[in-house]
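**Student:** Before I ask anything, here is the structure I am working with.
The values are calculated or read from the model by the stated rules, or taken from the named source; none is laboratory data. Just so it is clear, the model here is predicted, and its values are computed rather than measured. Methodologically, a virtual Cβ is constructed for each residue, glycine included, from the backbone with ideal geometry; neighbour enumeration extends over all protein chains shown. Note: areas computed on protein heavy atoms with side chains; ligands, DNA, RNA excluded. Shrake-Rupley method; radii C 1.70, N 1.55, O 1.52, S 1.80 Å.
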Amino acid sequence: LGVALISRFDRLGNLEELHDAIVQRRYADELTPEWHPHKPAALNNLGAALQARFLRLGKLEDLEDALVKLKYAVDLTPEDHPNISKRLENLGNTFHIRFERLGNLSDLEESIVYKHRANDSIPDENPDKATYLNNLGSALRARFEQLGEDGDLEDAIKQMRRAVELTPEGHPDRPMRLNNLANVLQDRFQRFGEIRDIHEAISYRRDSVEQSPEGHPDTSGRLSDLGASLQVRFIRFGDPGDLEDAVTCGRRAVDLTPEDHPDKARRLDNLARSLRVRFEHIGELSNLEDAVTQGHRAVDLVSDDHSYKPVYLETLGLALLTRFQRLR
């Protein structure tokens, strides 16, 4: 019953179905003795449902409970069990989620340990392998952003490149994995200035946009990322075509993003940056006015405690300063 309720929640998004599934799965866990071979599965299923409810409602107690259940499921699962990799991956993902919520580096460290174990226990021919590699790469990138260790960045690129290689053309997750690989290649360009990295990142971003199905909700984000990368390459090499493409991608990204989308402000900010750079390059005042307008919109969309609010304020401040310098 719990499985059926979770499936219906995944399909319809009815929160009551999820609550009922957790009740059923908790009951199954309580009725299954420690020595029973189905105990790890009962724990894993309950943990997964609790994680899903945390992602929907944001209650920290669900996340903490999910970690307890998933950790116990892994501890009770033999290393040679066919489901060990999936349970390790679930646990690693949940630690990553708690890191993103609370910012404790120890959670990120745990996430990477379990994700490495999951990857080591699953063969390349398993259809889930690419997902595990991509998730491991994301965790390594997050640790690189925290600690700045070059080894984490190189490892993230290695894992994400392998994830793309294992994902066939036409697979629905291929555009996302291409964009993720582009992210870490751009990180390396910004770290070391290796020209081929920014070229390769932009190539993968273009492929990601082109391979996204018509109307896909992630297309706008991929367009915004492509625009930001083109702006970076323009600043480095000065090709006017890159700047024009950056503004075009930025506008399309903003137009495709609903006002209440959580990433709307970031896409407005990317567009504002490209417009200010274009003003500085060709001197058209309309670009600067537009940059100020988009910058104000980005700032107004987020609360003062939003982690990126300082970034958006800086973008707007630079546009206002530029306008003052031009118009007094």
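**Student:** Where Lys and Arg each count +1 and Asp and Glu each count -1, what net charge lies around T167 among other residues with Cβ under 9 Å from its Cβ?
**Tutor:** With Lys, Arg at +1 and Asp, Glu at -1, the neighbours total -1.
**Student:** How far is the Cα center of region 251-328 from the Cα center of region 178-217, in Å?
**Tutor:** Each part reduced to its Cα centre gives a spacing of 22 Å.
**Student:** Still on this structure, I have one more. What is the local net charge at S106, summed over the other residues whose Cβ is closer than 12 Å to its Cβ (Lys, Arg +1; Asp, Glu -1)? Let's see the in-between values first.
**Tutor:** Values: positive: R98, R143; negative: D107, E109, E110.
Local net charge: -1.
**Student:** Would you mind putting 54-67, 242-255 in packing order, based on average other-beta-carbon counts within 10 Å, highest first?
**Tutor:** 242-255, 54-67
**Student:** Something else now. If I ignore ligands, DNA and RNA and count only protein heavy atoms, how much of K86 is accessible to a 1.4 Å probe, in Å² to the nearest 10?
**Tutor:** Counting only protein heavy atoms, the figure is 100 Å².
**Student:** Calculate how steeply helix 129-147 sits against the longest principal axis of the alpha-carbon atoms of the chain, using the helix alpha-carbon long axis, and give the answer as 0 to 90 degrees to the nearest 10.
**Tutor:** Roughly 60 degrees, rounded to the nearest 10.
**Student:** OK, next. What angle do you read, to the nearest 10 degrees and between 0 and 90, between the alpha-carbon axis of helix 285-301 and the longest principal axis of the chain?
**Tutor:** Approximately 30 degrees, to the nearest ten.
**Student:** Fully extended, how many nm does the chain gain between E61 and F324 (0.36 nm per residue separation, minus their Cα-Cα distance)?
**Tutor:** Fully extending the segment from E61 to F324 adds 89.7 nm.
**Student:** Using the Cβ atoms and a cut-off under 10 Å, what net charge is assigned to the surroundings of E89, where Lys and Arg are +1 and Asp and Glu are -1?
**Tutor:** +3
**Student:** Using only alpha carbons, build the gyration tensor for the chain and give me the equivalent ellipsoid semi-axes, biggest first, whole Å.
**Tutor:** 41, 22, 17
**Student:** From the convex hull of the Cα coordinates of region 14-97, what is the mean projected area in square nanometres?
**Tutor:** So the mean shadow area of the Cα hull is 5.2 nm².
**Student:** Take the residue pairs K158/K309; K71/K115; K115/K158; K59/K86 and return only those whose Cα atoms are more than 21 Å apart.
**Tutor:** Where the Cα-Cα span goes over 21 Å, the pairs concerned are K158/K309; K59/K86.
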